[in-house]
Amino acid sequence: MAKELELARAYAEIEAIRLGDRLRVVWQCQPEAMDALVPPLIVQPLLENAVYHGVEPCESGGEVNVAIFLRGDQLNLVMRNPCAAQSRRQGGNRMALNNIRERLDLHFDAEAEMSAYRSGGEFVVQIRMPYRHG
């Protein structure tokens with residue numbers, strides 16, 4: 001998970017240069033979860049979607065919240081971003097979400113779960129997978 005976060009943080013730094021104070025990313029990452037083995041490209045594509053579909057269309061920008069934590073023998077990732085009430089952008093084709101779901105299935109079979117939904121003014125993605133560490 002540490003390498004996944006490193007990649008996602010690098011992406012966030014690039015977007016912060018482009019969007020300035022319109023982009024705020026809050027990282028809530030439990031240190032004990034950082035040695036978890038996860039499929040590649042789980043966090044960064046979610047962050048990219050959050051910026052592109054959530055923060056960019058909002059005139060004032062917005063905050064993306066990334067939480068990674070252990071609960072029992074499960075690794076959890078929850079990402080929240082704003083949903084613009086009116087957006088000129090299409091909702092997307094869900095390719096990134098489908099690709100992530102496929103990687104989770106290939107890596108963990110039926111042991112991983114992923115959900116994506118709107119809750120109030122936010123878009124939320126929740127991933128639960130077995131905690132395997134290296």
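A few notes on this one:
- Scanning region 91-134 for residues that are of a type in the set (S, T, Y) and closer than 24 Å to E56 by Cα yields S115, Y117, S119.
- Considering region 92-117, the residues that are part of a helix (DSSP H, G or I) and among the basic types (K, R) include one that is nearest to M79 (Cα to Cα), namely R101.
- Taken together, the residues in region 16-35 that are of a type in the set (K, R) and within 16 Å of the chain's Cα centre (by Cα) amount to 1.
- Selection status of V38, surrounded by 20 or more Cβ atoms within 10 Å (Cβ to Cβ), at pLDDT 95 or above, in contact with a helix residue (DSSP H, G or I) (Cβ under 9 Å, 6 or more places away or on another chain) and part of a loop (DSSP other than H, G, I, E, B): yes
- Test: residue in region 55-71 that is surrounded by fewer than 17 Cβ atoms within 10 Å (Cβ to Cβ), out of contact with any strand residue (DSSP E or B) (no Cβ under 7 Å at 6 or more places or on another chain), in a strand (DSSP E or B) and of a type in the set (D, E, K, R): yes
- If the condition is being assigned to a loop (DSSP other than H, G, I, E, B) and of a type in the set (D, E, K, R), then region 1-35 contributes only D35.
The values are calculated or read from the model by the stated rules, or taken from the named source; none is laboratory data. Quick caveat: nothing in here was measured; it's all calculated off a predicted structure. Because the Cβ atoms are built from the backbone with ideal geometry, glycine has one as well, and the counts that use them run over all protein chains shown.
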